[in-house]
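Undergrad: Please find one structure pasted underneath; my questions will follow.
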Amino acid sequence: MMTSMSTARTSGRLAMLQLASPLLPVGAYAYSQGLERAVHDGHVVDAPTAQRWILDLVSGPVAHFDAPVFVRLHGAALARDAASFTRWNRRAIASRETRELRAESLQMAASLGTLARELRLGDAVALLDGLDRPAFPTAFAACAVALGVDVDDALTAYLYGWLENQVAALLKVAPLGQAAGQRLLLEAHEPLASAIAIAMTLADDELASSAPGLALSSAFHETQYSRLFRS
């Protein structure tokens, strides 16, 4: 019995890593979330400035808003609480400060919803069909619950997918090599673990999302003449 439970949990974790991959058809690889503009403007020029940019996001809006919202979306999906699921989805959408960041979240959610149908994740599809416009964390949380993945593992996969995509985008637009990217991923392990711990303890009235540098970079990126990424 224990072996069967362990196998099921491992299978769920693997499924989450599969869904979190930037290579899957949710389109994450097409977005840099303002990082391309930060490189263009000289805010990110080398490994130290790249690490500062990404880890500031981890310790700021990721830890204090994105991650705890994901926890609440997962809990609402698990409880089949449609009202709470809808409310936190709206908060997730409203937190995107620019047109392209909002479009990114909605597009990736739509792609993941399509994938959920193809994978026959009926519980996830039912939850998402009850929303006008799911955000990406909403769709990811719904799929996690449908796959039987607990909130710790689901959040870890979700955030690591975000981190990996940030580093992948960085290597395409900045003069950094693969080794520098791997070092940045390694340096981010502890801050990411801390963000997950914070997300599990924050009360609703303690959630906060403030990243003016990211918002400005994303806004300027919308009219950038030459670019590789959609955000």
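Here, each number is a calculation from the coordinates, and none is a lab measurement. All values derive from a computational prediction rather than experimental measurement. Note that we place each Cβ from the backbone using ideal geometry, even for glycine, and neighbour counts take in every protein chain shown.
Undergrad: Using only the Cα atoms of segment 92-218, build the gyration tensor, take square roots of its eigenvalues as a ≥ b ≥ c, and label the shape rounded, prolate or oblate: rounded if a/c is under 1.5, else prolate if a/b is larger than b/c, else oblate. Show your work: numbers first, answer last.
TA: Details: a/c = 1.44, a/b = 1.44, b/c = 1.01.
The shape class here is rounded.
Undergrad: Let me check against my output: what whole-number percent is the relative contact order of the chain, with C-alpha pairs under 8 Å and at least 6 apart? Walk me through the numbers before you get to the answer.
TA: Details: 301 pairs, mean separation 91.8, N = 231.
Relative CO of the chain lands at 40 percent.
Undergrad: Can you give the calculated 222 nm mean residue ellipticity of the chain, where each DSSP H run of n ≥ 4 adds -39,500 (n - 2.57) and the sum is split over every residue, rounded to the nearest 500 deg cm²/dmol?
TA: Dividing the helical sum by the residues of the chain leaves -22000 deg cm²/dmol.
Undergrad: I would also like to ask the following. Put +1 on the Cβ of each Lys and Arg and -1 on the Cβ of each Asp and Glu in the chain; which of Gly27, Ala83, Leu57 then has its Cα farthest toward the positive end of the dipole?
TA: Toward the positive end, the furthest listed residue is Gly27.
Undergrad: Also, I was wondering about something else. Report the charge-dipole magnitude of segment 31-221 in Debye, nearest 20, computed about the Cα centre from +1 at each Lys and Arg Cβ and -1 at each Asp and Glu Cβ. Could the numbers behind the result be given before it?
TA: Values: 15 positive and 22 negative charges, 93 e Å.
In total the dipole reaches around 440 debye.
Undergrad: Compute the FRET efficiency between Arg120 and Leu185 as 1/(1 + (r/R0)^6), taking r as their Cβ-Cβ distance and R0 = 25 Å, and round to the nearest 0.05.
TA: On the way: r = 33 Å, r/R0 = 1.31.
E(calc), rounded to 0.05, equals 0.15.
Undergrad: Using R₀ = 25 Å, calculate the FRET efficiency as 1/(1 + (r/R₀)^6) where r is the Cβ-Cβ separation of Tyr29 and Ala79; round to 0.05. If you can, show how the numbers build up before the last one.
TA: Numbers: r = 33 Å, r/R0 = 1.32.
About 0.15, to the nearest 0.05.
Undergrad: For the chain, take the longest principal axis of its alpha carbons; what is the angle in degrees between that and the long axis of helix 2-20, to the nearest 10 within 0 to 90?
TA: The angle comes out near 40 degrees.
Undergrad: Looking at the square roots a ≥ b ≥ c of the eigenvalues of the Cα gyration tensor of segment 170-211, which shape do they give, rounded for a/c under 1.5, prolate if a/b is larger than b/c, or oblate? Could you put the intermediate results ahead of the total?
TA: Numbers: a/c = 6.25, a/b = 2.19, b/c = 2.85.
Taking the square roots of the gyration eigenvalues as a ≥ b ≥ c, segment 170-211 is oblate.
Undergrad: Let me ask something else about it. Under a crude label model (7 Å from the Cα following the beta-carbon direction), how far is Ala103 from Gln178 in nanometres?
TA: Between Ala103 and Gln178, the label points sit 3.3 nm apart.
Undergrad: Using 7 Å Cα-to-Cβ label points, what is the Asp205/Asp129 separation (nm, one decimal)?
TA: Here the modelled spin labels are 3.9 nm apart.
Undergrad: Mind pulling the per residue volume of the convex hull built on the Cα atoms of the chain? Å³ is fine.
TA: Working: hull volume 28.3 nm³, N = 231.
Roughly 123 Å³ of hull volume per residue.
Undergrad: If you take the square roots of the eigenvalues of the alpha-carbon gyration tensor of segment 23-111 and sort them as a ≥ b ≥ c, do you get rounded (a/c under 1.5), prolate (a/b over b/c) or oblate?
TA: On the way: a/c = 2.45, a/b = 1.79, b/c = 1.37.
The shape class here is prolate.
Undergrad: In whole Hz, what ³J(HN,Hα) sequence does segment 101-111 give by Karplus (6.51, -1.76, 1.60; θ = phi - 60°), x for Gly and Pro?
TA: With coefficients 6.51, -1.76 and 1.60, one gets 5, 5, 4, 4, 5, 5, 5, 5, 5, 4, 5 Hz.
Undergrad: Give me the one-decimal nm value for the distance between modelled label points at Phe220 and Arg52, 7 Å along each residue's Cα-to-Cβ direction.
TA: Calculated label separation equals 1.5 nm.
Undergrad: Determine the distance separating the Cα centre of segment 126-173 from the Cα centre of segment 34-101; give it in Å without decimals.
TA: 11
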